[in-house]
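The values are calculated or read from the model by the stated rules, or taken from the named source; none is laboratory data. Just so it is clear, the model here is predicted, and its values are computed rather than measured. Every residue, glycine among them, receives a Cβ derived from its backbone with ideal geometry; neighbour counts consider all protein chains shown.
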Amino acid sequence: MQKFRHIFRDVSREDIIEMPLNKLVIPLVIPALLQSLVVSFNIIMDALFIARLVGKNAFSGIVYAGTYTIITSALVSWLSIGAGAMYSRSICNNDNKNLKIILGYVLLSSFIIGIPVGVLFFIFSAKFISWIGITGDAYQYGNNYLKVIMGGVAINILSLSLLTLVRCSGKMKRSFGITLLGVISNIVLVPIFIKLMPEPVIGAALGTLISYTIIIFFCTYELRFVKASWPLRSANFILLKDMILIGLSACLMQISGFIKQFVLYRMVLYFGNEKDELFFAAVQRLFAFAAMPLFGFLQALQPVVGINYGNNNFNRTIQSVTVFKKYAILTLLLIASVCIIFYNPLIHLLLPGYFINLKQFFQYLFLFTAMIIAPFGSCVVVYWQAVGNKTYPVMMILIKDILLFICITVFFTFWLGITGIYIGLLIENIVYGVLVTLLFNYGLKKVNA
């Protein structure tokens, strides 16, 4: 029982600075992993509810419409990654004034950014969904879902940004608890709203937005001791500039990911048939679910790097990247193995009665192998963001999502057809991991020289 309590306790600033890293991984990562799994379970349950209660066309429509929710992720990343990095450092320095200013910026920016974007998508959702290329019933379902889920984007941005501040203070357990409450409410509300609303996918979107509102309420309660400063009254433009520049790399990662995802869907529609489209949509959902634990490790790594860097403990900062990367790779290896062994039951969850052929099995295998390699690049990028490196993350993201994507994934797709997408993504991740590792080691040699 004592060991169980140790695992599920909040970690203090002193723990992050002094506790052996191998022991620190457990109390930080387990709640973050559970939080990521709960979020990924939420993603798969939304798709499952719509596939089962509405139909395959609705499932396909919301998955393809979900491409645009990457814009939400980009805005959340821009705001939360920069704010989280500065928040961790302010905690290390016991700088209560900056903590208040950061919280004020997050509250104000969520609405300044979110409301115009929401209005844009509410008005022009039909145009945006037509650009993806889906037609028929799937188009109509996708349009209805996009109009509502992106129309309320300000709620999404605020909830996830506040949740990041709770997490970056080292309160992984409480962050997990808040997420769990939001997800439970989503699982309860989505099927109810699907049944009650004349347009079922609109009901699903409304249920999700209400669950985000519940997260806002509990995050506000958790951060109640940090009284937000009104940014116009107590502006700190140096702090704001650092928040924007640090978060820019994360924002660019999401935007380039959006463009990449858009091109991938267009290539699937061009080179594949209806069966390939359904398979790609299902595998993408399963991949998003399976890869979520990686984000748990990255969320746990961020405060460790940020707080130790703020404490001028550079050796411990570097060691934390190595330790967290090792555990992330082992975890993803285990998850990918389970997904590959039980590929048929997992596909049938989303596509009942769908049987994949040998070619599709290898496509599935290539994509989940790429997932195992992902920590080599992502852990280092989190390190760069947390220490305030504004150049390397942007440079490597642009190289990966533009240069490597065009030279490898697009090339293999035009050469081999639909299978080339999956082979290209695997090779792209391998090359990216090697390049990031080389640049990381080069940076360390430069510092030690």
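A few comments on the model shown:
- Residue tally, condition aliphatic (A, V, I, L, M), in contact with a Leu (Cβ under 8 Å, 6 or more places away or on another chain) and either closer than 13 Å to Leu158 by Cβ or in contact (Cβ under 8 Å) with a residue 40 or more places away in the chain (or both), over the stretch 207-224: 4
- Screening the candidates Gly388, Gly377 for the property of being surrounded by fewer than 19 Cβ atoms within 10 Å (Cβ to Cβ), of a type outside the set (Ser, Thr, Tyr) and closer than 25 Å to Pro303 by Cβ yields one hit, Gly388.
- Checking each residue in the stretch 140-195 for being among the charged types (D, E, K, R), under 26 Å from Ile102 (Cβ atoms) and part of a helix (DSSP H, G or I) picks out Arg167, Lys173, Arg174.
- Of all residues in the stretch 89-116 being crowded, with 20+ Cβ neighbours inside 10 Å and under 20 Å from the mean Cα position of the chain (by Cα), the one that is nearest to Lys260 (Cα to Cα): Gly114
- Picking from residues in the stretch 117-147 that are among the aliphatic types (A, V, I, L, M) and surrounded by 23 or more Cβ atoms within 10 Å (Cβ to Cβ), the one that is farthest from Phe59 (Cα to Cα) is Ile129.
- Scanning the stretch 243-283 for residues that are buried (at least 22 other Cβ atoms within 10 Å of the Cβ) and among the small types (Gly, Ala, Ser) yields Gly247, Ser249, Ala250, Ala281, Ala282.
- Counting only helices (runs of 4 or more DSSP H) that sit wholly inside the stretch 383-449, those with at least 2 residues that are within 26 Å of Met243 (Cα to Cα) are 392-398, 418-448.
- Condition check for Phe361: crowded, with 17+ Cβ neighbours inside 10 Å and in a helix (DSSP H, G or I): no
- Unique match (being acidic (Asp, Glu) and modelled with pLDDT of 80 or more) among Asp276, Asp242: Asp276
- Residue among Ile372, Ile356 that is aliphatic (A, V, I, L, M), over 30 Å from Met86 (Cβ atoms) and not in a helix (DSSP H, G or I): Ile356
- Residue count, the stretch 292-327 (criterion: buried (at least 22 other Cβ atoms within 10 Å of the Cβ) and outside any helix (DSSP H, G or I)): 0
- Residues that are over 18 Å from Glu277 (Cβ atoms) and in contact (Cβ under 8 Å) with a residue 24 or more places away in the chain, drawn from the stretch 410-426: Val410, Ile423, Leu426
- Residue match in the stretch 336-351 (condition: more than 20 Å from the chain's Cα centre (by Cα) and not in a helix (DSSP H, G or I)): yes
- So Lys227, is it of a type in the set (D, E, K, R), modelled with pLDDT of 80 or more and more than 22 Å from the chain's Cα centre (by Cα): no
- Checked against the criterion of being at pLDDT below 80 and buried (at least 18 other Cβ atoms within 10 Å of the Cβ), the candidates Met86, Met150 yield just one match: Met86.
So that you can scan it fast, the table gives a plain yes or no per residue for (1) of a type in the set (A, V, I, L, M); (2) closer than 16 Å to Val25 by Cα; (3) in contact with a strand residue (DSSP E or B) (Cβ under 7 Å, 6 or more places away or on another chain):
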position	(1), (2), (3)
Thr317	no, yes, no
Ser320	no, yes, no
Leu333	yes, no, no
Ala336	yes, no, no
Leu350	yes, no, no
Asn357	no, no, no
Gln363	no, no, no
Thr369	no, no, no
Lys390	no, no, no
